[in-house]
Amino acid sequence: MSANSFNPYRMAQRQFDGVADKLELDEATRSLLRTPMREYQFSIPVRMDDGSVRVFRGFRIQHNDSRGPCKGGIRFHPQETEDTVRALAMWMTWKCAVVDIPLGGGKGGIICDPHDLSLREQERLSRGWVRQLARNVGPLSDVPAPDVMTNAQHMLWMLDEFEAIHGQKLPGFITGKPVGMGGSLGRTEATGYGLIYMVREALRELDIRPEDTKASVQGFGNVAQYAIELYNQLGGTVTCVSSWNQSDQCSYSFRRADGVQLEELRGITDSFGGIDKGRARELGYEVLDGDAWISQDVDILLPCALENQVNAETVQGISDRVRLVAEGANGPTTPEADAFFADRGIFVIPDFLANAGGVTCSYFEQVQSNMNYFWSKDEVLGKLDDKMTTAFHAVSDLSRRRKLYMRDAAYVIAIGRVASACSDRGWV
Ligand code: GLU
């Protein structure tokens, strides 16, 4: 599958079909689960700051709600497609099921590049997305959240629009809100921290001490930054980080053999995770090409950017030293690269398990918002650690017992739970 013909939805369906065979799912359950239950596509006209009107394309796809209201983020991305959103919605269903939270899967998006939009234009776009969907989403049906290039401010504008339309305060409509405005402490850290809770558990199983490890990270957005923060606290060293460069329209990897300095890099990074190349050089970082992060001499790879980054081509450059891959991004690894990892005996913590910390904390936020009572950060992170650690061991035990590749073991648990919910409800 070359990078150009890559279709994440086909990949998600291919992964599903493999596990449906293992679970011997009946035909009706297969056809229900391999496609989304509902899809919304719409135009969003936005008055731009110069007085002109631009029309954007928006999506919300609800894959399955047999276990609870749909849940999942909204991405702002110029390369967004309906098939990307379909795949991401499907992965959300498995993600909520594998960590056993009572939610289904959904995803939304708008084809746009927020780098080119003023804050006021982004506000109008966010409100426009809600206006098109106000009757089809809500605290009891479908609860959005941030994703690639969206943040707490976008969520608050969306909540405000939703509440204005419905004439009520409904803070459980959306998660990832600012703290103090219905947001949960710990939500910002949750995806990155959740990833490292699982890395910690995997290293324990591999009998490796975190302080003896080095890691290379793809991406420097929210997930990557908090993953690096906690991994450093465990004693690990990150020697390479890659990030997207908006002006050159390509990514670069930033390497420092004795370890990248998180706070220093944060100081030269824009709000979308783009590291300033010139200033990084001045600070003594080697600037390498965008794919260099994957071929570093490290023990752990953390792909925390977009889908299709670890594929048949890029996987060839992986060092023999790599023992663990933990996927902070959604869909970073193609089935061809999975075959390579399985062959080499590399321990993989698959995306919908590894990055489930975000949605798990969103679930906590929803609970807190609905009861209008907020917990301390320690309480939130303690509950998050419990959920992630329990889910990790359930998957890794099954993987060992049934000799399944970790991704397949996670799928067997998640798809099994969703299939049972559909059958218990009498849908299939
Ligand atoms: N966008 C995040 C994800 O892909 C979080 C979703 C949520 O919190 O609902 O898991």
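Ile44 falls short on exactly one of the conditions (1) touching a residue at least 60 places away in the same chain (Cβ under 8 Å); (2) within 19 Å of Asp147 (Cβ to Cβ); (3) within 16 Å of the ligand (Cβ to nearest atom), and that condition is (3).
For every residue, the table says whether it meets (1) away from the ligand (no atom under 15 Å from the Cβ); (2) of a type outside the set (Lys, Arg); (3) over 18 Å from Tyr363 (Cα atoms); (4) buried (at least 23 other Cβ atoms within 10 Å of the Cβ).
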| site | (1), (2), (3), (4) |
| --- | --- |
| Leu159 | no, yes, no, yes |
| Thr188 | no, yes, no, no |
| Ala202 | yes, yes, yes, no |
| Val217 | yes, yes, yes, yes |
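With respect to Trp129, is the statement that it is surrounded by 23 or more Cβ atoms within 10 Å (Cβ to Cβ) and within 11 Å of the ligand (Cβ to nearest atom) true? No; evaluated as a whole, the condition is false for this residue. Tell me, yes or no, whether region 61-82 has at least one residue that is more than 16 Å from the ligand (Cβ to nearest atom), part of a helix (DSSP H, G or I) and under 29 Å from Met155 (Cβ atoms). Within region 61-82, one or more residues are more than 16 Å from the ligand (Cβ to nearest atom), part of a helix (DSSP H, G or I) and under 29 Å from Met155 (Cβ atoms). Given the condition touching a residue at least 12 places away in the same chain (Cβ under 8 Å), open to solvent by less than 20 Å² (accessible area, probe 1.4 Å) and within 16 Å of the ligand (Cβ to nearest atom), answer yes or no: does some residue in region 228-242 qualify? For region 228-242, residues touching a residue at least 12 places away in the same chain (Cβ under 8 Å), open to solvent by less than 20 Å² (accessible area, probe 1.4 Å) and within 16 Å of the ligand (Cβ to nearest atom): absent.
Here is a yes/no grid of residues against (1) modelled with pLDDT under 95; (2) of a type outside the set (A, V, I, L, M, F, W, C):
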residue: Ala3; (1), (2): yes, no
residue: Asp26; (1), (2): no, yes
residue: Tyr40; (1), (2): no, yes
residue: Val55; (1), (2): no, no
residue: Asn64; (1), (2): no, yes
residue: Gly68; (1), (2): no, yes
residue: Lys71; (1), (2): no, yes
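Of all residues in region 176-186, those that are open to solvent by less than 20 Å² (accessible area, probe 1.4 Å) and more than 20 Å from Ala224 (Cβ to Cβ) total 4.
Of all residues being outside any strand (DSSP E or B) and among the basic types (Lys, Arg) in region 18-60, which is most open to solvent (accessible area, probe 1.4 Å)? Just the residue, please.
Lys22
Restricting the search to region 80-100, which residues are within 13 Å of the chain's Cα centre (by Cα) and over 17 Å from Phe42 (Cβ atoms)? Correct list: Ala87, Leu88, Met90, Trp91, Met92, Thr93, Trp94, Lys95, Cys96.
When region 166-175 is filtered for residues that are part of a loop (DSSP other than H, G, I, E, B) and either within 15 Å of the ligand (Cβ to nearest atom) or open to solvent by 40 Å² or more (accessible area, probe 1.4 Å) (or both), the ones remaining, listed by number, are Gly167, Gln168, Lys169, Ile174, Thr175. Here Glu163 fulfils each of the conditions (1) part of a helix (DSSP H, G or I); (2) touching a residue at least 12 places away in the same chain (Cβ under 8 Å) apart from (2).
Scanning region 245-258 for residues that are touching a Leu at 6+ places or on another chain (Cβ under 9 Å) and outside any loop (DSSP other than H, G, I, E, B) turns up Tyr252, Ser253, Phe254, Arg255. Only one entry of His63, His115, His77 meets the criterion of being touching a residue at least 40 places away in the same chain (Cβ under 8 Å), open to solvent by 30 Å² or more (accessible area, probe 1.4 Å) and within 21 Å of the chain's Cα centre (by Cα), and that entry is His115. The helices (runs of 4 or more DSSP H) located wholly in region 313-375 that include 1 or more residues which are open to solvent by less than 10 Å² (accessible area, probe 1.4 Å), closer than 24 Å to Cys240 by Cα and touching a strand residue (DSSP E or B) at 6+ places or on another chain (Cβ under 6 Å) occupy 335-344, 351-354. Selection over region 265-291 of residues that are open to solvent by 60 Å² or more (accessible area, probe 1.4 Å) and not in a strand (DSSP E or B) gives a count of 9.
Could you tell me whether Gln122 is away from the ligand (no atom under 16 Å from the Cβ), modelled with pLDDT of 95 or more and not in a loop (DSSP other than H, G, I, E, B)?
Working: away from the ligand (no atom under 16 Å from the Cβ): yes; modelled with pLDDT of 95 or more: yes; not in a loop (DSSP other than H, G, I, E, B): yes.
It is true that Gln122 is away from the ligand (no atom under 16 Å from the Cβ), modelled with pLDDT of 95 or more and not in a loop (DSSP other than H, G, I, E, B).
The values are calculated or read from the model by the stated rules, or taken from the named source; none is laboratory data. Quick caveat, the model's predicted, so the values are computed rather than measured. Glycine also receives a Cβ, built like all others from the backbone with ideal geometry; neighbour counts cover every protein chain displayed. Please note that ligands, DNA and RNA were not included when accessible areas were found on the heavy atoms of the full protein model with its side chains. Shrake-Rupley method; radii C 1.70, N 1.55, O 1.52, S 1.80 Å.
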